[in-house]
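What follows is a short report on a single structure.
The values are calculated or read from the model by the stated rules, or taken from the named source; none is laboratory data. Only a predicted model underlies this, so the values are computations on that prediction, with no experimental measurement involved. Using ideal geometry, Cβ is built from the backbone for each residue, glycine included, and neighbour counts are taken over all protein chains shown. The area values use the complete protein model at the heavy-atom level, side chains included, leaving out ligands, DNA and RNA. Shrake-Rupley method; radii C 1.70, N 1.55, O 1.52, S 1.80 Å.
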Amino acid sequence: MCGIVGYIGNEQAAPILLDGLAKLEYRGYDSAGLAVYGDSDIEIVKAKGRLQALRDLTGDGHSLKGTLGIGHTRWATHGEPTVNNAHPHYNKDKSIAVVHNGIIENYQPLKEKLISKGYVFKSETDTEVIAHYLDYYYNGNPLQAIEKVMHRVQGSYALGIIFKDFPDKMFAVRKDSPLVVGHTENGNFIASDVPAILKYTREVFFIENREICELSREGISFYNEDLEKIEKETKTIDWDIEAAEKGGYEHFMLKEIYEQPKAVADTINPRLSGDKVVIEELGMTDEQIAKLKRIYIVGCGSAYHVGVTGRYIIEKLTRIPVEVDLASEFRYRDPIIEPDSMTIIISQSGETADSLAALRKAQELGSKVLGIVNVVGSTIAREADNVMYTHAGPEISVATTKAYSTQLVSLYLLAMLFGDVRGTISPEDMKDMVEELKRLPDKILEILGDKERIQWFASKYANAKDVFFLGRGCDYATSLEGSLKLKEISYIHSEAYAAGELKHGTISLIEDGVLVVAVVTQPDLYEKMISNIVEVRTRGGYIFTLTNKGNFVMEDTADFTVYIPNTHPCFTPSLAVVPLQLFGYYVSVAKGLDVDKPRNLAKSVTVE
């Protein structure tokens, strides 16, 4: 949930570390800090708040001299966001400095033991335990100290470590938290995510659980937990550097909303061949697809909403029963996995802790697992039996937009392929659906061209206290995502309901002036939705309706209507979500909030 970065090389470290942390601030922004090895000592500078505070404190890094250093941007878990709790953390004589992403679950008994040995703690964090335990075990050999600490701590961690006795070395280790290592001729890097080092190198190593790396200015060595040397292959990252920059947009979120047509096209096009869907990375024969008895879709947050949408579409097009679970529930509910089933794990980062645990649980129970992820080489991508990459490129804003849209079309492609193989989609329908799928990017672009009306409406309702979203079928799933977008970046209380549930309690919350967003894109459900809208309006609700072009009957019941281009009913979620993304964005802007970094949230949830 935090971001770590490290550098050892021939350049001054602090400016490079600050540049890397700026690319990781989406992972946490409660505080930030640097540890740089100068002429003879490790100097730590920390600041509460956004990274700019640390920049100001260090003169953009120029006041910290040294070519070896580690940095951290924090999302607070153990201990409030304060300077004392900020990373890096020292050992008792300031000869070891540590940065940490993750949570040490058994830190309390470890801390109590260290206190009994005379160690004094200066913070409330679990991470300080690691710094002191490294000190406790250190006998002149850093690798042996790290190995012993690995066997004592429980939980998740990616660590960057420097020792005063080793001015030409940096060490890193991971378990269940992401860590990449980058190599250049001018030095070597560690980071929580690729964008932090993309400016300097495209050649990276992905570190597996319980692997240790030792970095010098000249090279990198890798070890397993028994301290045996191991060989690793580099991976080349093909992301465009400019994709991780704002490119003239006021916020990353707006930029990423506008990148959706390209991201969707890049995800769809490689998987189409004539009138067919071809997903080579699926690793399944037609016989295996035909034998499928059940599909389980697992995700968190927006990825879960993709799964809810996918259930409607996959069941409709393939007649395969689908179960959708929040990853945090799936891993603990003792799920029953049927033979001849598959589990789909959806995650933008590929590092989501609950989703990764669900993946392992599904494999343990005998299910084939497909990962749908955006980040190449991420843990879920490596551990799944097969991986289907979305091609969204780096997504920086905490509130997902283009990753969500590419995950949606990935499920469309799977549903179409399975339906084609199983004979539940006719060749004629398949051809029509493929053609309509190809048109989706242009139709998203068309919606973006009419953003001014949504911007005007958002400014009108920026002071709303409560907003309700309603829909049926796929539109209910879209309502869930629209509601989440609004609440997470505008801090307005917002809830989404299946419209048929109105009479079962929800309607008691409707009063004069309350904004109700009705998503109405499924033609066979128009009449039922109109009935629901009338119920809400008669109780004083103000109705914002999102519907298909030509469905002008909505004008008779709605106070404000936004139209989306017509498409196949299964594909309307890809269009309907875009105005809701824009609505949430412009409400947040109108309130003067930090759109890309909403309070209390981080982009990649790598802890429970």
Being modelled with pLDDT under 90 and either closer than 30 Å to residue 3 by Cα or in a strand (DSSP E or B) (or both): is that true of residue 518 here? no
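Okay, residues lined up against (1) touching a Leu at 6+ places or on another chain (Cβ under 8 Å); (2) without any contact (Cβ under 8 Å) to a residue 12 or more places away in the chain; (3) under 16 Å from residue 582 (Cα atoms):
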position	(1), (2), (3)
436	no, no, no
440	yes, no, no
443	yes, no, yes
454	yes, no, yes
475	yes, no, no
486	yes, no, yes
493	no, no, no
Return yes or no: is residue 191 in contact (Cβ under 8 Å) with a residue 12 or more places away in the chain and either in contact with a helix residue (DSSP H, G or I) (Cβ under 9 Å, 6 or more places away or on another chain) or over 23 Å from residue 90 (Cβ atoms) (or both)? yes
Go through region 186-232 and report how many residues are under 26 Å from the mean Cα position of the chain (by Cα) and within 22 Å of residue 149 (Cα to Cα). 11
Scan the strands (runs of 3 or more DSSP E) fully inside region 335-424 and keep the ones with 2 or more residues being touching a residue at least 24 places away in the same chain (Cβ under 8 Å) and open to solvent by less than 10 Å² (accessible area, probe 1.4 Å). 341-347, 368-373
Being of a type in the set (Lys, Arg) and under 33 Å from the mean Cα position of the chain (by Cα) is the requirement here; does residue 591 meet it? yes
Report whether or not residue 36 is over 26 Å from the mean Cα position of the chain (by Cα) and at pLDDT 95 or above. yes
Give me a count of the residues in region 110-134 that are among the β-branched types (Val, Ile, Thr), open to solvent by 10 Å² or more (accessible area, probe 1.4 Å) and not in a helix (DSSP H, G or I). 1
Can you find, within region 280-325, the residue that is least open to solvent (accessible area, probe 1.4 Å) among those that are modelled with pLDDT under 95 and among the aliphatic types (A, V, I, L, M)? 282
Inside region 136-169, can you point out the residues that are among the charged types (D, E, K, R) and in contact with a helix residue (DSSP H, G or I) (Cβ under 9 Å, 6 or more places away or on another chain)? 147, 148, 152, 165, 169
Please go through region 521-547 and give me each residue that is in a loop (DSSP other than H, G, I, E, B), modelled with pLDDT of 85 or more and closer than 23 Å to residue 458 by Cβ, ordered by number. 521, 541
